[in-house]
Amino acid sequence: MDLKNKNIVFIILIVVFLINFRAGAQDIIINEIMSSNQETIQDEDSDFNDWLELKNVGEEELNLSGYYLSDKTDKLTSWQFDPNKDFIIPPGGYLLIWADEEPGEGKLHTNFKLSSSGEMIILTEPDGVSIVNQVKFPQIMTDVSFGRKLNKPSKWVYFISPTPERKNNLGISSYYWTEKIKFLAENKIIISLFLISFFIILVLLFSYYKTNKKLEFSTSIA
């Protein structure tokens, strides 16, 4: 094989490698976000902090060493996964990152927080330019997460029962109904008392109705 043919083969191999590398990178997605965490899940220091979850939807394990996360479109390299350490996500696996502005607390703690009123989250390749995945999330209530719908990953929904590092559930698409259902879930005692009171009133009304019917019947006979 002459030098010219060797160079062509070398170039083809490089192109194939880059295509496969890019395909692997695109298998990492931002899967779930919580921008106001008060009692859902604690980090290693028992703090309740903002968090986001990445998921490997591919068939090969992937290493996020050197990748970047950011909440700013004009600064994609805000925070980097340590390029000297491995961050392996197995096929179908998850990785939880704490967005708490406390990078000193551990290798999975970013230097930025998430806004509960909504903002962008961007995952970028080690070149600092190629965006792997990005999500613009809306306002999220406290201890409610926002993530991909279980049977339709392209659709994002609210989770009253967040699922960090676990399979997402069905979720609720409407902020309005999420708020109402969350209220009911958090006020079980009040709702229970209301239902009990309503049931007692129904029983009393039924008893009153039956008593009146008996009196009318007795009067008509007399």
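Tabulated data
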quantity: The stretch 23-170: C-alpha gyration tensor shape, a/c 1.5 cut-off, then a/b vs b/c; calculated: rounded
quantity: Peptides ranked, highest mean first, by Cβ atoms within 10 Å: ranges 178-184, 145-151, 98-104; calculated: 145-151, 98-104, 178-184
quantity: Cα Rg, Dmax, the stretch 50-94, angstrom units; calculated: 11.6, 32
quantity: Residue 119 - accessible surface, heavy atoms, 1.4 Å probe, Å² rounded to 10; calculated: 40 Å²
quantity: Around residue 77: net Lys/Arg minus Asp/Glu count, Cβ-Cβ under 15 Å; calculated: -3
quantity: R0 of 30 Å, Cβ-Cβ distance residue 72-residue 184: FRET efficiency to nearest 0.05; calculated: 0.20
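The values are calculated or read from the model by the stated rules, or taken from the named source; none is laboratory data. Note that the coordinates shown come from a computational prediction; the quantities given were computed from them, not determined experimentally. Note that each Cβ is placed from the backbone with ideal geometry, even for glycine, and that neighbours are counted across all protein chains shown. In case anyone asks, the SASA skips ligands and DNA or RNA and just uses the protein heavy atoms, side chains included. Shrake-Rupley method; radii C 1.70, N 1.55, O 1.52, S 1.80 Å.
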